[in-house]
Structures are given as C-alpha cells and as structure tokens.
Amino acid sequence: MLKERLAGGRSQRVREFPAQDGIISESALSAYQEDGVVCLRDAFCQNWLDVIERGILQALNGASENLDVVKKPEDKGQFSVSSQAWQNVGPFREFIFKSHAADLAWPFLESRYMSLFYDFLLIKEAKSNNAETPWHQDHAYYPLRGKKAINCWIALDPIPLSTALRFWRGSHKSGVLYRAVNFENSELDYPYVRKERPELPDIDGTKDEKVLGTEMQPGDMLVWSSYTFHSAPGNTLDRRRAAFSVNWVGDDITYEETPAIETYLDSDLKTGDRLISEKFPLIRGSAERTA
Ligand SMILES: O=C(O)CCC(=O)C(=O)O
C-alpha cells in the first residue's frame, strides 16, 4: 500500500542524506526538524554490521535478559525483540561505544549532553506476515518528560517498501503524546496506558502526502523523534528483515516515576532527575557543565 502511495509521486519519501563521512549536514537537521524523520544512507559499513550480527547471536542465545519471541499461529516465521541488552552483550557494547553511532546521533539532539537510553533489536523472520507494528509514538511508552529523545534505527537487511517503516510526517511537532497502544492485541488496553491522553487519530485515513517511507539497504540508518508516529507491516518476504536501533536522550529529558516496562525503568532515579545513571550512561557532554 505504501508503495502505491509513494508511486503517486508527491513528496512522500523520507528525505535522505549521505552519511559515509560521518558528517551531518544542516539540511539533514532541518529536514529532521520539519518531518520528524530522516534517512542517513551508508551510515555503517559491513564491519560494523558484522559486529551487530555477532551481538545478535549472543542476544538470541540467552545473553539478552529482555528478549521476547512471538509467533503468530498463522505465521511461518517468528518475531523477536530484544531491548536493553548492551550490558550483557559485548558486541552491542562495542558497537554503541566504539563506532561513530553517537557522533551521528549527537547533532540531532541539539543538546548540552547526551545519554544512552537503550538498544533495541527487532527481527521479523521470513514470512512473519502478521508481525505488523501498529501506529505509535515511542515516547508514549517512556517514563520520561521532555522531547529530546531519538531513535537511530539501522537496517541489517535490504528492506523494500513492502516491509518498510512508514512515518506520519511532522507528527512530532504538536508535542502531543497520544495513548500507547497494545502491540499484542489492539482490542486490549496497553497495560500502562495513560487514559488521560487522547486516543490515536486515524492515520491510515489521513492524506497520502503525510505518510513517508523509504526502502533501505544494510547500513542505512533512520533517525526519528520519539514523538513521531510510525508503523510497519509484517514481513511477507521469504527472508529476514532485521534492524538494530540505539535510542538516545538529551538535556531536556527527565525521569518520571510512573509504571512502564523494565527496559525504561531505573530504581536509582527519582522524578525530575536527569537521565544519567549506570543504566543510562552519559555519552557526550558533561554532567558538571550542565549542573
Ligand atoms: O520495524 C518495525 O516493525 C517497527 C520498529 C519500531 O516501531 C521501533 O523500533 O520503534
């Protein structure tokens, strides 16, 4: 459907920028501010993707404590999701701390400092047709206040439009957080839903030109705001569709003691604290300068 929408020829592509030299241009930053998402082409070479693949083997073989594997009865392939695994998975740590991942993320936050929030691995195996991801804002699930949070999502396989992420262009701008949706069963409330938030708008019924998408090659990276609505179809291909993302936060983000999944919680933090801790380490800038 997205392919058909994109074929319409209007401005419906995620705007893309070269990233081989590790430099983020002013135009990439202004496209991000405007659309809430950009695609950085060739952000990582095969050597770094190999490091991530070594991490995947470990994560799937017991090293990730937050690993969910779901197989819908009608699907041939399963859908695996791991988060916050870097502390136990050496290759993920190597990628996050030794590659230029932080350098690429840092300019987008326009911040005095940046912390690592969590890593996220997502594998839709061949023919996991029904493993779709409903429209959502990442931030709706976070026990965080503030807006400077980004998802840097790296394709590990070729991703054609038929399995590509789609984004509601500019949806980050209003600053409104809608209700978190239940990924497992859309008929049920998400366990930590905040009912005081508005219900989701009908994004599929919205005008075509507001939905952006792009095909990706391994090593391409999407950067999006945690307020940007996005969704993805299941994987109808006969090969894996995997991605590894690193989520970073900047200086306007503070912690909120509110129910959420373990990935985002830190018992060392209190409401109003900056997100700097052992679990959410400071990666750029300094705590002293920002006190
Ligand atoms: O690739 C997908 O299916 C969804 C990815 C996503 O929503 C996320 O990483 O926040």
Label point 7 Å beyond Cα of GLU110 along Cβ direction - residues of the stretch 172-215 with amide nitrogen under 20 Å: 172-177
ASP50-ALA260 FRET efficiency (beta carbon distance; Förster radius 45 Å; 0.05 resolution): 0.85
Subset of LYS147/LYS210; LYS173/LYS195; LYS71/LYS98; LYS71/LYS210; LYS72/LYS279; LYS127/LYS279 violating a 27 Å alpha-carbon distance limit: LYS71/LYS98; LYS71/LYS210; LYS72/LYS279; LYS127/LYS279
13 Å reach of a label modelled at VAL70, 7 Å along Cα-to-Cβ, counting backbone N of the stretch 163-193: 181-191
Net charge of neighbours whose Cβ lies under 12 Å from the Cβ of VAL193, counting Lys and Arg as +1 and Asp and Glu as -1: +1
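Just so you know, all these numbers are worked out from the coordinates, no wet-lab data involved. Everything numeric in this text was worked out from a predicted model, so none of it was measured. Using ideal geometry, Cβ is built from the backbone for each residue, glycine included, and neighbour counts are taken over all protein chains shown.
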